[in-house]
């Protein structure tokens, strides 16, 4: 997603993802000490050691080459791109050196099918450095490793920019499963296996603490742009890498979204990962410009106009007369074609607007496609709205939309398209912080989207909330518990009457120190001791409260001031029935997400003057899924029925409820 | 036997389960004024993964059945086209040729008149065949053995000759063209035509499954073909090139060792929660093990999906006689059950409101006999169904211990918790629970358990079968 800040109109600029986290992170370690570890940047350090007095500033990015789509798209239209990846010290693999990163990755090219390793790439080798990384080539695994590293890291960067904080991989609270088990399952470094197996599949596997990419032979017939039987590498598909990385990131943010408690949960994981991968397409400027020109600005068309126009009724004589698919809205083209689908794996606009699909489609990809289509419906609505005047001016000046658009108009349209995509990506990602801690439904996600946008852009000049609501409504996605279909009714209600959380520390955008973490934990644990608070949060009075995560979030408000929030997740486990028959029971949890605000400076001053603690936070949102009451009972029944439907009710393995992406993907 | 006959003529209905190994072979005998009328439900057996599923008694059992019925069957019910349900027909073709058959019922999916359906079955067979070829080409291991077991069951063609021969194709041909009656192809909602002799005997029958031809099944087939895409198109190319290890992605110059990677690459897999972990060491073995454990075999996934697709074609029949209800569920899995259990033919507004339909509840709560679906495997009797069943019925499960699945991953057939749950509700009889002594074949019981005493009626063990008289 392009985060460029130049030339923006005022209106859109306000909405831009302005995160301080990465910038400040850089600032805090802006200079490389002369005692930098041997091996990193050998050329530069050698020069430093040779007695040069002036220090050389640490680079902020490392340019690395990758395919914008996949190898089947050839070299045209910027398919061979260079990604400005954040600079990290790397060892061969590449393996991120910082042991405390928390969001680090290690590429280990181990092939489980053949039980061999492939030569790791050393991105610090001067011969590699000087050309900005290996050039795209299918026959050298070192390029594959480089591309996987670059795309995964780029995806992390985009998430962190949108969220306004650092991410981490899967964390399990030891209160829930015991210290040993939590230790075993926690992921500190995500391990990436670019050629893990012979399989037309790629998936995030918590068991392997990483992502496994397969490779396979294309079909012998109807294999699209591939050669019959050629090898297809899933790790060279930009879309697939982004999609799988999103699964891993999402799992780090909301672990219980891997627990299949209703049909929307797995579908949300799939749909969201597709949304992230698809919005990335709109940052590839050359393809975007070409698509704008060949669709007459109608970016949502499924195919492009052929390069050479056909006479009506005539058959194509040369390949340039065949209308190609729209690369922006199709996912993983090479993969889909290699499996004889004749098009990409999935599309942004797979399902036409209708309210029946949501009642009848339960397979997680099919159901996820409904979410994807809703988001892109809203996206294209905003794009249309923002560009309508440009088209009017063009037509008024005698322009004809059936001809090629003039370059300057196409450029303006492309700029709007990519800017709107960046905005949507940010809104979609930020909404994660407003999602319930457990048991998500599409309706919940809509409420989260509306709330997070409401929170930061109360005026909604672009009409984004309205577009989202309409797009969800026509697909039959309705939020549970909202009174009407207006943005205020759909947004989660503001919390009222809750006492302030005392002793809370908000830290700075680089995260919390150990001491600050301990202070926050103590404060939150103390907060939920009060029966009145528990009642207000929808928590059970008797059960232990587990707090799997809390993180400060720093965002810029519409008026330019800094807003500091803390997003807290809590949940409780209902114990299994006492008769000792654990077989056939399933975990039921209550969960709540709290959005707690740091008071404004004036309030803090007042407190200081009055001798009150300045470490305090006010609860703004309580997003609760209780165990008790009619809501809890309905949830339990829904969960039981869903587990019945997918055949998980029987069994004794407590891990069986977790989505197994290896099987869910069965061909991705 | 003479005793048994007496009882039926005295007005008792009898359900007989033959012990043939891993396969269904049931005979229902209905008393009537014109003497006992017989219904045959399936006749098949398969070797399975272990190769031990076929205990070679099916020919003797068929001959026994022929004598018992005097070569007259009022009705043959064929639930679906798996080897363990139909291979007996062609294996004992000589015997069946002598039978006089009143009617044959088959699932809708066997109709030859709907082009769409026959194309579906053809493609399914092609998928199965390709899978078999790919599994044979792979290095033999436990997984490929299980895949071959599933594929053989689906196609009825053995890689190695089993005891007695016969194939699914031959059985279907015999049933459809050589027994003198035209089969009825049925799905839920159809009214089956009972032969007059059974109507006169006071028997009624309802077809509960399979769901009528639906797009969903076709979608599943698409998924199946996509999901195992790399095995199709040119199966022979796979067997030659890839078996020789030629699906190597890179040349030998790129082959490396764990020591070419920095120790840090393996830190994630270092022992945790212990003091003094040496992070300078390479924990390569741990990483490799984790990667291997996380890569399931795509072929195996495809084989399981294929199995489920065929099982869901099962004809599910509810027989009623004198207020007694007998449910024969074939090998129906979730999709098939759901259709009649939950009234899913209409889209549901809110899944939380979905409860068992009244019809489903009525049937289950008042059952007298249940033929346990899919040999007691975990996917074939929904828990909600077990819960809704009454307490005074007999269930029969045809099975041979250890033929499919594994206890460690909870896929063993039969599945212990399911049978325990059924055992609590009903008097459960397994076909491997009693010995066989027929035509010189002597086999001990495979599982040591006493035959229970039902709350109504009586269970009697014969030479190669067990009878339930009710």
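Laboratory data are not the source of any read-out in this text; all were calculated from the coordinates shown. Quick caveat: nothing in here was measured; it's all calculated off a predicted structure. When we count neighbours, we look across all protein chains shown, and the Cβ atoms used for this are built from the backbone with ideal geometry, even at glycine.
Data overview
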{"read-out": "Computed over segment A:166-214: relative contact order in percent, which uses C-alpha pairs under 8 Å that are six or more apart", "value": "31"}
{"read-out": "Estimated FRET transfer efficiency (residue A:184, residue B:401; beta-carbon r; R0 30 Å; 0.05)", "value": "0.30"}
{"read-out": "Sites residue B:72 and residue B:292, calculated FRET efficiency, Cβ-Cβ separation with R0 41 Å, nearest 0.05", "value": "0.10"}
{"read-out": "Inter-part distance where segment A:480-552 and segment A:271-321 are each reduced to a Cα centre, Å", "value": "46"}
{"read-out": "Computed E for residue B:322/residue B:450 - FRET, C-beta separation, R0 25 angstrom, nearest 0.05", "value": "0.30"}
{"read-out": "Mean separation of Cα contacts under 8 Å, 6 or more apart, over the residue count of chain A: relative contact order %", "value": "13"}
{"read-out": "Projected label distance in nm at residue A:392 and residue A:55, using a 7 Å step from Cα toward the beta-carbon", "value": "5.6"}
{"read-out": "For segment A:210-352, the fraction of alpha-carbon pairs in successive 5 Å shells from zero, as %", "value": "2, 9, 14, 17, 18, 17, 11, 6, 3, 2, 1, 0"}
{"read-out": "Residue A:138 versus residue A:176: modelled label distance in nm, points set 7 Å from Cα along the beta carbon direction", "value": "4.2"}
{"read-out": "C-alpha center-to-center spacing [segment A:72-89, segment A:383-425] in angstrom", "value": "26"}
{"read-out": "Cα centroid of segment B:409-458 to Cα centroid of segment A:141-195, whole Å", "value": "50"}
{"read-out": "Ratio Rg/Rh, restricted to segment A:370-446 and using Cα atoms, in which Rh is the Kirkwood radius", "value": "1.15"}
{"read-out": "Share of pairwise Cα separations in chain A, more than 47 Å, in percent", "value": "17"}
{"read-out": "Segment B:1-131 - share of DSSP beta bridges that are antiparallel (%, nearest 5)", "value": "60"}
{"read-out": "Segment A:283-421 - Rg over Rh from alpha carbon coordinates, Kirkwood radius", "value": "1.00"}
{"read-out": "Length-normalised contact order of segment A:225-324 in % [C-alpha pairs under 8 Å, at least 6 apart]", "value": "16"}
{"read-out": "Percent antiparallel among DSSP beta bridges (both partners in segment A:165-281, rounded to 5)", "value": "60"}
{"read-out": "Mean ellipticity per residue at 222 nm, deg cm²/dmol - from DSSP H runs of n ≥ 4 across chain A, formula -39500 (n - 2.57)", "value": "-11500 deg cm²/dmol"}
{"read-out": "Residue A:355 paired with residue A:86, simple spin-label distance in nm, labels 7 Å along Cα-to-beta-carbon", "value": "4.4"}
{"read-out": "Extension reserve of the residue A:508-residue A:603 stretch, reckoned as 0.36 nm per residue once the Cα distance is removed", "value": "32.3 nm"}
